[in-house]
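These notes concern the structure reproduced below.
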Amino acid sequence: MEAVAEGLWGLADMHESRGEVGKAVKCLEAICQSQVSFLPMVEVKTRLRVAQILLDHTHNLNHAKAHLERAHLLLKSIPSCFELKCRAHSLLSHCYHLIGALPHQKHILHRALDLVRSVGDGDWEAKLWLCNFNSQLANALAIEGDYHASLSVLEDGFATATKICYPELQMFFATSMLHVHLFQWQDTSLVHGAVLRCSEVWESIRADQRQQCVGLFFYNELLHTFYLLRVCDYKSASQHVERLDAAMKGELQQSERIKELNVELNAVNQSLLRYDLQYKERSALSQKKIQLNEQLKAISNLNSTTCSSTNKWGWLPRNAVFALIDLMVAMLGRPKGVFKECGRRIQSGLSLIQGELGKLGIDDEMTEVDLQHSAIWMAGLYLMLLMHFLENKVSVELTRSEFVEAREALLQMKMWFVRFPTILQGCESIIEMLRGQYAHSVGCFNEAIFHFIEAAKLTESKSMRSMCQVYAAVSYICIGDPESSSQVKTCFWNHGLFFVGVREKTCVIFVYGLLLTKQHNLPRSKIRLASGLKIAHQQLGNIQLVSQFLTILGTLALQLHDTGQAREILKSSLTLAKTLYDIPTQIWVLSVLTEYERKKEDDLQRRLSETQASIHHFELHTRGDLDIPESVGLQAPPPMSRLRDADSVKWGRGKYNLSLTLVSSGH
């Protein structure tokens with residue numbers, strides 16, 4: 001009977017390789033449902049194989065769970081089979097994870113850990129299984145929000161990987177701990193320590209081994225980027241994103257090369273099937289086939305992540321990682337004003353995500369209740385990425401004053417949220433904040449304030465709450481009446497603004513400086529705005545914010561009658577705004593300059609009016625003789641000739657203003 005079982009196993013493998021999942025499952029279930037009993041070991045292996053196929057290729061989780069629980073029960077009566085028992089525990093834990101049965105998953109993992117510890121400390125294979133179960137348990141605890149316990153389990157896994165001198169596993173646990181620290185972020189020094197540990201472990205891996213760990217490379221670099229963005233070290237974050245982008249482009253080029261080689265190899269194989277080939281032709285084709293296989297093998301060995309399997313990437317699927325990199329490039333490029341590249345990356349990321357959502361069966365009509373439970377986690381991942389891309393698209397279009405495009409992207413966000421309210425629950429406050437920014441951009445300041453206040457109520461993030469209060473304060477200032485000015489003070493003092501990071505602090509300084517300017521407290525406002533400008537330029541690298549700081553400082557300089565400095569500052573602000581395609585700031589600067597020139601013209605008209613109203617003006621411009629007395633001993637020539645002769649010298653030197661010439665000759 002073992003020969004029959006092996007034959008059915010082989011047949012199932014063949015059907016699976018062809019993508020015929022149903023036939024593969026039927027072959028294997030024929031063993032389990034046979035009237036003739038097989039050995040328990042055969043049945044266990046078969047049920048594990050069926051469950052693996054179902055988990056890999058279908059959403060039939062309950063069917064897979066039934067096979068795994070039966071295999072687990074059969075293994076209890078078998079004294080040995082350590083490898084099979086560990087595999088059964090691991091698959092059953094994964095199945096419970098997909099179903100969402102966290103208590104059952106934790107229970108089976110604790111039993112698996114007890115099983116491994118019963119073997120002893122000397123078994124290398126047992127330690128690998130110990131690392132496997134620790135990683136799954138830590139993930140389950142993190143999902144439950146028990147971050148302290150999750151970190152403790154990950155620390156045990158790291159210690160085990162260190163004992164067996166497995167640097168790749170050490171790196172996996174180090175990055176996982178950093179990931180959990182970023183989730184909770186209670187102590188900045190602890191997070192910084194986790195970052196340093198990741199860097200140290202990565203440096204301890206040999207260069208040739210790192211090439212086989214591209215998934216870990218992306219994981220580590222992305223986590224470093226998230227950390228640096230959180231501490232507002234945008235310059236260092238940009239360096240990590242550049243490395244990620246270069247690595248992604250290399251991966252895509254290799255993937256494209258593999259596709260080309262596979263197409264060429266398939267063509268060669270088809271040609272070799274012909275019966276009318278001459279010996280020389282067949283020999284040449286066979287040689288070419290060998291060369292193509294060697295090239296494919298070399299590329300695969302150089303970078304194991306070119307395999308389409310998501311397991312090579314560990315924490316995220318390959319396309320999700322690439323979409324995340326596009327998102328990072330767009331986020332860091334937006335404050336610098338490189339909107340063309342931002343738009344290209346946003347479109348690239350949206351295309352990747354929409355393709356993956358299509359694979360999950362998520363179309364324009366599907367809602368949250370229609371999702372298979374096994375697809376919820378993956379769908380949530382791509383939907384959250386989709387919302388972040390749309391958020392950046394709205395921000396870019398508002399900066400460019402493309403209000404129609406911004407509105408369409410915002411409506412898309414709202415539509416996705418209505419269809420998937422539970423999965424996208426955390427995006428509700430972001431949508432409200434963007435609605436406020438849209439309303440502010442089109443001049444509806446009261447509506448903008450309402451949306452900003454609602455967004456602050458909906459979020460638990462201190463950073464988000466602070467930014468919403470800052471935006472509401474700006475809208476109040478733009479209204480400009482006394483009641484709105486008092487509401488600005490309420491935003492600052494009654495609600496309290498949380499300085500989570502440099503970004504929030506800088507924006508608060510910006511609004512406070514703007515408020516002081518409106519209150520005509522110019523010296524104090526200048527000091528505040530100068531400090532904010534320094535932070536925005538040196539630490540944030542946010543050119544858009546720098547341009548806005550310069551605009552207010554230029555306005556201040558005009559009010560302080562330092563016109564020379566004001567013109568230089570406003571000129572710099574306008575140049576930056578043009579670079580950013582920031583139309584609102586350009587209009588702001590030009591309106592300030594226009595107002596300045598209008599005031600100069602009004603002042604000139606005022607002085608002219610005062611001059612013309614003077615009695616001396618009437619005496620000076622009235623035609624007639626100067627009535628110089630003859631007693632001085634001079635003979636007075638006729639008035640017109642006297643003026644003409646005196647003016648002839650001046651007129652020969654150049655075209656001067658006539659009034660100035662008359663005054664000069666009279667003197």
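Since every read-out is calculated from the coordinates, none of them should be taken as a lab result. Since we're looking at a predicted model, the values are computed, not measured. Please note: Cβ atoms are built from the backbone with ideal geometry, for glycine as well, and neighbour counts cover all protein chains shown.
Listing for the model above:
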quantity	calculated
Förster radius 45 Å - calculated FRET efficiency between R70 and K340 (Cβ-Cβ, nearest 0.05)	0.15
C-alpha long axis of helix 583-612 to longest principal axis of the chain, angle in °	10 degrees
Label-to-label distance, nm, for residues given as M384 and L252 (7 Å Cα→Cβ offset)	2.4 nm
Relative packing of peptides 584-591, 144-151, 504-511 - highest average C-beta neighbours within 10 Å first	504-511, 584-591, 144-151
Taking the convex hull of Cα positions in segment 1-206, its mean projected area over all directions (nm²)	13.4 nm²
Residue-averaged [θ]222 nm for the chain, counting only DSSP H segments that reach four residues, each worth -39500 (n - 2.57)	-26000 deg cm²/dmol
Cut-off 14 Å (backbone N to label point 7 Å along Cα→Cβ of R598), residues of segment 453-478	none
Hull volume in cubic angstrom per residue (convex hull over the Cα atoms of segment 191-245)	71 Å³
Cα-projected label distance for E260 with H110, points at 7 Å along beta-carbon direction, nm	5.6 nm
Given K235/K518; K393/K534; K414/K578; K505/K526; K534/K599; K336/K505, the pairs whose alpha carbons are separated by over 25 Å	K235/K518; K393/K534; K414/K578; K534/K599
C-alpha long axis of helix 563-580 to longest principal axis of the chain, angle in °	30 degrees
Packing rank of 269-277, 535-543, 437-445, 358-366, where each peptide gets the mean count of other beta carbons within 10 Å, highest leading	535-543, 437-445, 358-366, 269-277
Calculated FRET value between S591 and L411, using beta carbons and R₀ = 30 Å, to 0.05	0.45
Under 17 Å from the Cα of K297 - lysines, other chains or at least 8 residues apart	K259, K288, K289, K312
Cα-centred dipole magnitude for the chain, charges only on beta-carbon of K, R (+1) and D, E (-1), debye, nearest 20	840 debye
Computed lengthening from N293 to E155, 0.36 nm per intervening residue step minus Cα-Cα distance	45.4 nm
Segment 99-237: C-alpha gyration tensor shape, a/c 1.5 cut-off, then a/b vs b/c	oblate
Within-11-Å neighbourhood charge of N134 [Cβ basis; K, R +1; D, E -1]	-1
Rounded, prolate or oblate (a/c below 1.5 giving rounded, otherwise prolate when a/b exceeds b/c) for segment 207-304 by Cα gyration tensor	prolate
Within-15-Å neighbourhood charge of F452 [Cβ basis; K, R +1; D, E -1]	-2
Euclidean distance of C-alpha centroids, segment 1-44 and segment 436-482, integer Å	63 Å
Surrounding net charge for A66, when Lys and Arg each add one and Asp and Glu each subtract one, Cβ distance under 12 Å	+1
Inter-probe distance in nm under a simple model that places probes 7 Å from Cα toward Cβ, at K280 and Q565	8.7 nm
Cα gyration tensor shape for the chain, rounded if a/c is under 1.5, else prolate or oblate	prolate
Degrees between helix 167-184 axis and first principal axis of the chain (Cα, 0 to 90, nearest 10)	50 degrees
Förster radius 45 Å - calculated FRET efficiency between S189 and E447, Cβ distance, rounded to 0.05	0.55
